[in-house]
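Notes follow the structure.
The values are calculated or read from the model by the stated rules, or taken from the named source; none is laboratory data. None of these values were measured; they are calculated from a predicted model. Reconstructed Cβ throughout: ideal geometry from the backbone, glycine too, with neighbour counts over all protein chains shown.
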Amino acid sequence: MKRTPNFKVVGKVTDDEKQKVINAIHNLFEKPWTVPDREKTDRKKTSKQSSILKFINEETNALMLEYGAEPFDFPADGYFIMEQKNFIKYFGSKDASGTVADLSPRVGLLYEDTISNVDFALIAFHETLHVKAMHVWEAWKKSGKTPIKCIRHGIIVSSSHEHDVKSKEYKYFACLHEATVEWMCEQAFLKIIDLQELSKEKERINSDAFKIARRKLAKKLNIKEERIRYIRKDGTPSMFVYQYPRTLLKYVCEKISDKFNDKYPKKEDVFKEFIRTHFTSDLTTVIKLVDDVFGEKSFRLFERLDTEDKRTSCALVLMELEKKLQEMTLG
């Protein structure tokens, strides 16, 4: 099976130049450059971690097939488990537990946040979904070279090179994209903890002692119990992330289901259209569904979601959607 992500190349360059870009991206993933001193910075994976990564590759490929995308293998040696100092040095991310660049054959996992197998599996699953999303690259000519930029990544839409030159940069729907990815992780959770490699963790999660501890911890943190997927040995919670964007997305899917119940009996059925968009980068269906339920240009409200201020921005968008829905109902 191929090892290159699904991508397209667009832009004001010749077909020959586009093909050169395509060949370069294929080569990057098929023959990744060697990372100097990897043995000193990348922690060796345990046998359980390697087995979990094999499952993640197979499960994400199954999802791709289900939603009409060509699957590809992302190898276990494409994941780097690094302690914070090296994680920041090699991947440049200070606040994440996992990360992947748009154009990279590597996933970075922060060792300190992936010590438990539950955390390792869910964070690796999340990042793998990012790798396996559709990418659209724009190419242009500059000084005899052909630079490229990712202008579509799953649900994310970014400004073109022409807009950037005019200082009109933008990046829309990143919060919605992350909410979609994490909801997919939430849906895969039961299948993940059912792995033999997580049998001890599953036994603990199903115990009365864990349920009591989770209830107490949720009350202490003033959060819903279902946000806590595991409690680490140090007593800190492992939680599903992007809570507010996911709640907003679930609300939108529920309202679409209410209106188009014959085709989408449950909100999860509507969510499948967002998953499809993740793997194809075709926003046509989800835009139409949102606008049909909430009114013209309602999908554009997701542009206002802020990854740095998720709670406030999601609350404001929710209020606006509820207002528009009421107007549609009365009108």
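Do we have any residue at all in the range 69-80 that's within 29 Å of residue 189 (Cβ to Cβ) and in contact with an Asp or Glu (Cβ under 6 Å, 6 or more places away or on another chain)? So that I can check it myself, show each step before the final result.
Residues of the range 69-80 that are within 29 Å of residue 189 (Cβ to Cβ), as a first pass: 69-80.
Now restrict to residues that are in contact with an Asp or Glu (Cβ under 6 Å, 6 or more places away or on another chain): 80.
Taking every residue of the range 69-80 in turn, at least one turns out to be within 29 Å of residue 189 (Cβ to Cβ) and in contact with an Asp or Glu (Cβ under 6 Å, 6 or more places away or on another chain).
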Answer with yes or no whether residue 294 is under 21 Å from the mean Cα position of the chain (by Cα), closer than 17 Å to residue 322 by Cα and buried (at least 21 other Cβ atoms within 10 Å of the Cβ). no
Might you let me know whether the range 240-247 holds any residue that is modelled with pLDDT under 95 and surrounded by fewer than 17 Cβ atoms within 10 Å (Cβ to Cβ)? no
Single unsatisfied condition, residue 66 versus (1) surrounded by 19 or more Cβ atoms within 10 Å (Cβ to Cβ); (2) farther than 21 Å from residue 119 by Cβ: (1)
Restricting the range 28-41 to residues that are outside any helix (DSSP H, G or I) and at negative phi, which is surrounded by the most Cβ atoms within 10 Å (Cβ to Cβ)? 32
Among (1) part of a loop (DSSP other than H, G, I, E, B); (2) closer than 29 Å to residue 140 by Cβ, the one test that residue 25 misses: (1)
Among the residues of the range 246-287, how many are in contact (Cβ under 8 Å) with a residue 60 or more places away in the chain, under 23 Å from residue 319 (Cα atoms) and either assigned by TED's automatic domain parsing to the domain that holds residue 152 or among the basic types (Lys, Arg) (or both)? 3
In the range 42-63, what residues are over 14 Å from residue 77 (Cβ atoms), over 22 Å from the mean Cα position of the chain (by Cα) and either of a type in the set (Lys, Arg) or surrounded by 11 or more Cβ atoms within 10 Å (Cβ to Cβ) (or both)? 46, 48
Per the list (1) in contact with a His (Cβ under 9 Å, 6 or more places away or on another chain); (2) closer than 18 Å to residue 307 by Cβ; (3) crowded, with 21+ Cβ neighbours inside 10 Å; (4) not β-branched (Val, Ile, Thr), residue check on residue 132 breaks on (2)
Positions within the range 176-225 being surrounded by 13 or more Cβ atoms within 10 Å (Cβ to Cβ), of a type in the set (Val, Ile, Thr) and assigned to a helix (DSSP H, G or I), in sequence order: 180, 181, 192, 193, 205
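For residue 135, state whether it is in contact (Cβ under 8 Å) with a residue 40 or more places away in the chain, of a type outside the set (Phe, Trp, Tyr) and in contact with a helix residue (DSSP H, G or I) (Cβ under 7 Å, 6 or more places away or on another chain).
Details: in contact (Cβ under 8 Å) with a residue 40 or more places away in the chain: yes; of a type outside the set (Phe, Trp, Tyr): yes; in contact with a helix residue (DSSP H, G or I) (Cβ under 7 Å, 6 or more places away or on another chain): no.
Judged against the criteria, residue 135 is not a match.
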